[in-house]
Amino acid sequence: MATVLYITAHPLHPEESYSLAVGAEFIEAYREANPADEVVHLDLYKENIPQIDADVLRGWGKLRSGSSFDQLSEAEESKVARLEEILHQFMAADKYVYVSPMWNFSVPPVLKAYTDATSIPGKTFKYTENGPVGLLPGKKALHIQASGSVYSEGPLAPIEMGFSYLSKILRFYGIESEAVFVEGTAVSEQAPFVKEKAIALAKEVAKRF
């Protein structure tokens, strides 16, 4: 049995979101193909994802200096503990499905905060004399990303920083990833076809993921 983290980063409902609609179809198909697997849904807009702020940096600094956890301030303790929970849950999973829109060429801020929470040296990667090495090899990830225009190829490809960013972060951990793009949704006459095509592809990916 595998554990799948289904990580969504959109504040609306699937009926209002192209990425979530395709994600929902993917998960349904995945569950049908892998009934023994556990799928854990993380709605990042409903989760407590602390940003790396002064409390977190000071808390981490105190712990590295030898202070015990109970010597942290209340704010430091709360945020550092929550980040530990997020990290351990991420490390324990076998597969990851990220679902998000492209906003301003990149991922929503809450998804960036989540990747910050999982990018911890000594846990998901380590530094060596030959450069950084990922510590989570053998796991796999999928990114379902919706965008108004086409960014996966063509003239806009150089400014695509959604999947490009996420795939690089995951590769840093040793995790290879692939994408299902829901592109061209801003063109109303094309949007239904784009959604239908992406759902069909997502279902095919679900059978082998």
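Annotations for the structure displayed:
- The lone exception for Val80 - which of (1) within 20 Å of Ala179 (Cβ to Cβ); (2) in contact with a helix residue (DSSP H, G or I) (Cβ under 6 Å, 6 or more places away or on another chain) it fails: (1)
- Filtered residue count, region 130-150, keeping only those that are at pLDDT 95 or above, open to solvent by less than 50 Å² (accessible area, probe 1.4 Å) and out of contact with any Ser or Thr (no Cβ under 9 Å at 6 or more places or on another chain): 1
- Among residues that are farther than 16 Å from Tyr6 by Cα, modelled with pLDDT of 95 or more and either part of a strand (DSSP E or B) or in contact with an Asp or Glu (Cβ under 8 Å, 6 or more places away or on another chain) (or both), Tyr127 is included.
- Failed item, numbered, when Ser188 is tested on (1) of a type outside the set (Phe, Trp, Tyr); (2) open to solvent by 20 Å² or more (accessible area, probe 1.4 Å); (3) assigned to a loop (DSSP other than H, G, I, E, B); (4) closer than 19 Å to Met91 by Cβ: (4)
- Scanning region 152-185 for residues that are part of a loop (DSSP other than H, G, I, E, B) and more than 23 Å from Lys95 (Cβ to Cβ) returns Glu153, Gly154, Pro155, Leu156, Glu160, Met161, Gly184, Thr185.
- Screening the candidates Lys195, Lys203 for the property of being surrounded by fewer than 20 Cβ atoms within 10 Å (Cβ to Cβ), under 22 Å from Arg31 (Cα atoms) and under 20 Å from the mean Cα position of the chain (by Cα) yields one hit, Lys203.
- Residues within region 161-181 that are surrounded by fewer than 23 Cβ atoms within 10 Å (Cβ to Cβ) and closer than 14 Å to Trp103 by Cα, tallied: 3
- Set side by side, the residues Ser73, Ser17, Ser65, Ser78 differ, and just one is of a type in the set (S, T, N, Q), at negative phi and touching a Gly at 6+ places or on another chain (Cβ under 8 Å), which is Ser73.
- Within region 28-78, restricting attention to residues that are of a type in the set (S, T, N, Q) and part of a helix (DSSP H, G or I), the residue that is most open to solvent (accessible area, probe 1.4 Å) is Gln71.
The values are calculated or read from the model by the stated rules, or taken from the named source; none is laboratory data. Worth saying up front: this structure is predicted, and the values here are computed from it rather than measured. Glycine also receives a Cβ, built like all others from the backbone with ideal geometry; neighbour counts cover every protein chain displayed. Accessible surface areas use protein heavy atoms only, side chains included; no ligands, DNA or RNA. Shrake-Rupley method; radii C 1.70, N 1.55, O 1.52, S 1.80 Å.
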